[in-house]
Amino acid sequence: MAQGVLVPRNFKLLDELEKGEKGLGDGTISWGLADDADNTLTRWQCTIIGPSKTNFEGRIYNLTVECGEHYPKERPKVRFNTKVRMNCVSDNGEVNSKQLDELKNWQTHSSIKNVLSGIRRAMTLKENKNFQQPNDGTFP
């Protein structure tokens, strides 16, 4: 999508849904609607597979992304449904938009894929990759 052109919310989200359904990327992140009947395209269920050579390796993290009515002008809200320890994630699973570059620097051409890739990349950062992770199956 071109920068400078504001694509209507539903068109942008339908494009993101199509890309998520096609499974574009390397298979370490995925995204799609939490409820196929959600005509507002608001709640998304997402998955990140932890990167190798980190304490996240071999783990699958589930997240919820909420795209409000002003998306993409306003960044989405992102929350882990799986307990995780990272410097940009609160105890209740919310991703802090001021600590994750992809949310902090949100622009209308940004996407759910960008955010998920950014979170996965943050897992490899020195300050995050050695955090002791909670037991599998624990939730915020």
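Read-outs: derived from the displayed coordinates by stated rules, not from any lab. Note that this is a predicted model, so its numbers are computed, not measured. Using ideal geometry, Cβ is built from the backbone for each residue, glycine included, and neighbour counts are taken over all protein chains shown.
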GNM of the chain, Cα pairs under 10 angstrom: of I112, I29, I60, the biggest fluctuation goes to I60
Sparse-neighbourhood loop hits (trypsin sites (Lys or Arg not before Pro), the stretch 10-69; DSSP loop; Cβ within 10 Å at most 11 others) -> K53
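Over its Cα atoms, what ratio of radius of gyration to 2.2 N^0.38 Å does the stretch 9-129 give?
Working it through for the stretch 9-129, the quotient is 1.00.
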Checked against a 20 Å limit on the C-alpha separation, the offending pairs among K53/K129; K22/K104; K98/K126; K22/K129; K19/K113; K77/K104 are K22/K104; K22/K129
Along the dipole axis of the chain (charges at Cβ: +1 for Lys and Arg, -1 for Asp and Glu; origin at the Cα centre), the most positive-end residue among C67, N39, T108 is T108
Within the stretch 1-70, GluC sites (Glu not before Pro) in DSSP loop having at most 16 other beta-carbon neighbours inside 10 Å = E57, E69
Principal-axis tilt of helix 9-22 within the chain, Cα atoms, nearest 10 degrees = 50 degrees
